[in-house]
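The values are calculated or read from the model by the stated rules, or taken from the named source; none is laboratory data. Predicted model, so just to flag it, every value in this text is computed and none were measured. Here Cβ is always computed from backbone atoms with ideal geometry, including for glycine, and neighbour counts include all displayed protein chains.
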Amino acid sequence: MTGAPPLKNDCFALPPGIDWTPVDEALALLRDRLGPVTAVERVPLAQAAGRVLAEEAVALRSNPPQPNTAVDGYGFAGARDEGEHRLPLVAGRAAAGVPFAGAVPAGHAVRVLTGAALPEGVDTVILQEDVAASPEAIAFHGPLKQGANTRRAGEDVTAGAVALTAGRVLTPADLALMAAVGLDRVAVRARLRVAVLSTGDEVVEPGQAAGPGQIYDANRPMLLALLARWGFEAVDMGRVPDDRAALRARLDAAAQGAEAILTSGGASAGDEDHVSALLTEAGAMQEWRIAVKPGRPLALGLWDGTPVFGLPGNPVAALVCTLVFARPALGLLAGQGWAAPQGFEVPAGFEKRKKPGRREYLRARIREGRVEVFASEGSGRISGLSWAEGLVELPDGAVHVRPGDPVRFLPWGSFGL
Ligand SMILES: Nc1nc2c(c(=O)[nH]1)N[C@H]1C(S)=C(S)[C@@H](COP(=O)(O)OP(=O)(O)OC[C@H]3O[C@@H](n4cnc5c(N)ncnc54)[C@H](O)[C@@H]3O)O[C@H]1N2
Ligand code: MOO
């Protein structure tokens, strides 16, 4: 008997002559080809959290706008040497928002409260706890430097400076900064609309009765929630059976209503793998078969000019591919920069041998300073995704990880989760 290929015990071994696209090449392709597609709109500051800043935010005002006191105490001019000092007090005080009217003569002090603009004749403040005060005078011990306990005008941000750069996903802290520098309306990008659809005759809606051979649609709720978490507008396009005409029509509708499409299932080479087949047929397939585990059948293409991420059906592969490939790409479309996840090295708490030829992502978490990995690498084992707190990324080449060896850990937080 001839002609039959040798059995592959490891279905992930790189078959001879097959050239899968390395992860970095696929990422570079996405990075080179994609750019912002969303419109710019202006929104009130209070509605800007989580939105993508469309233009530089330039400070209209300095922070702080004027020199002021950082503490409750007494203000006067100049440094004081070591030793005891006694300064007569002028009548009145300076409080935040209620400045002292007039000037403080040299050698005198004035009562000041935190945040008050420094009165004329004051450049130094002593903390009230360090002072013996009477209604007429204060006494304290030096030394005290000139400028002590004060804040310079613009020491944080000066008027005219770029407070925030375009492309940033605005955080609550960014809102504080923009408010402080006098901005009340912000140019942001419209939310990127991303369509999500599941494929497969076997897939049924949670809540419906599931017959034998049917499985609940686990990918769609996960993907819709991920998109919402990232500040995109998730467009639910439902489930499509394994029917090419139906899938074609649904992709058409998705491309009409969204700027990117995530499908799951039907990405590999089987008879019912219609996503990859349709993209190929339409001449719109950019990449298929990526040197990654899980997620090798990830199909990257364009449908009517709209980027499609044809995610594998296995939920673990669907999530990994979304985090690794779709997230930075969607970020670019949405007007953010390219967001590479921030990993760090942690000693392994496991042993693993890996063949060369593809990058691997393992469900992982850190316990007692070591990374542990989920007991199974099966990419239908959804419980491992809930168990994990991030991924371990193993390089494209061969590795033999032994306990204690450093491995790259990517916490869910580094993917914006
Ligand atoms: N001969 C080959 N077979 C397979 C290959 C291959 O290269 N050659 N690749 C395997 C890998 S790796 C993966 S991953 C899967 C992914 O393939 P598809 O994208 O075509 O996915 P399906 O076959 O449609 O489904 C795979 C699996 O996932 C379940 N599924 C699908 N959709 C959902 C959903 N929305 N929620 C939950 N589970 C879902 C589906 O029932 C299957 O069990 O292909 C391998 N095969
Ligand atoms: O590697 Mo598939 O991508 O098993 O899930």
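Could you tell me whether ALA46 is touching a residue at least 60 places away in the same chain (Cβ under 8 Å) and in contact with a strand residue (DSSP E or B) (Cβ under 9 Å, 6 or more places away or on another chain)? Against the criterion (touching a residue at least 60 places away in the same chain (Cβ under 8 Å) and in contact with a strand residue (DSSP E or B) (Cβ under 9 Å, 6 or more places away or on another chain)), ALA46 does not qualify. When region 277-292 is filtered for residues that are under 18 Å from PRO315 (Cβ atoms) and either within 10 Å of ligand 1 (Cβ to nearest atom) or in contact with a Gly (Cβ under 8 Å, 6 or more places away or on another chain) (or both), only VAL292 remains.
Let's see how each residue does on (1) touching a strand residue (DSSP E or B) at 6+ places or on another chain (Cβ under 7 Å); (2) surrounded by 12 or more Cβ atoms within 10 Å (Cβ to Cβ); (3) within 23 Å of PRO22 (Cα to Cα):
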position: SER376; (1), (2), (3): no, yes, no
position: ILE382; (1), (2), (3): no, yes, no
position: VAL392; (1), (2), (3): yes, yes, yes
position: GLY397; (1), (2), (3): no, no, yes
position: HIS400; (1), (2), (3): yes, no, yes
position: ASP405; (1), (2), (3): yes, yes, no
position: ARG408; (1), (2), (3): yes, yes, yes
position: LEU417; (1), (2), (3): no, yes, no
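Report whether or not VAL308 is in a strand (DSSP E or B), buried (at least 23 other Cβ atoms within 10 Å of the Cβ) and either among the acidic types (Asp, Glu) or not assigned by TED's automatic domain parsing to the domain that holds LEU385 (or both). Yes, satisfied. The residue pairs whose first member lies in region 143-157 and is among the charged types (D, E, K, R), whose second member is surrounded by fewer than 16 Cβ atoms within 10 Å (Cβ to Cβ), and whose beta carbons are closer than 8 Å, counting only pairs six or more residues apart or on different chains, are LYS145/ALA79; ARG151/ALA70. Of the set (1) surrounded by fewer than 20 Cβ atoms within 10 Å (Cβ to Cβ); (2) assigned to a strand (DSSP E or B), all apply to TRP338 but (2).
Residues are listed down the side, and each one gets a yes or a no for (1) under 26 Å from the mean Cα position of the chain (by Cα); (2) assigned by TED's automatic domain parsing to the domain that holds LEU170; (3) within 16 Å of ligand 2 (Cβ to nearest atom):
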site	(1), (2), (3)
GLN214	no, no, no
LEU227	yes, no, no
TRP230	yes, no, no
LEU247	no, no, no
GLN256	no, no, no
THR263	yes, no, yes
ASP273	no, no, yes
GLU287	yes, no, yes
ALA291	yes, no, yes
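Scan region 310-351 residue by residue and report those that are free of Cβ contacts under 8 Å to residues at least 40 places away in the same chain and within 16 Å of ligand 1 (Cβ to nearest atom). Residue satisfying the conditions is CYS321 alone. Only strands (runs of 3 or more DSSP E) whose full extent lies in region 182-263 are considered here, and the ones with at least 3 residues that are touching a residue at least 40 places away in the same chain (Cβ under 8 Å) and in contact with a Pro (Cβ under 9 Å, 6 or more places away or on another chain) are 185-189.
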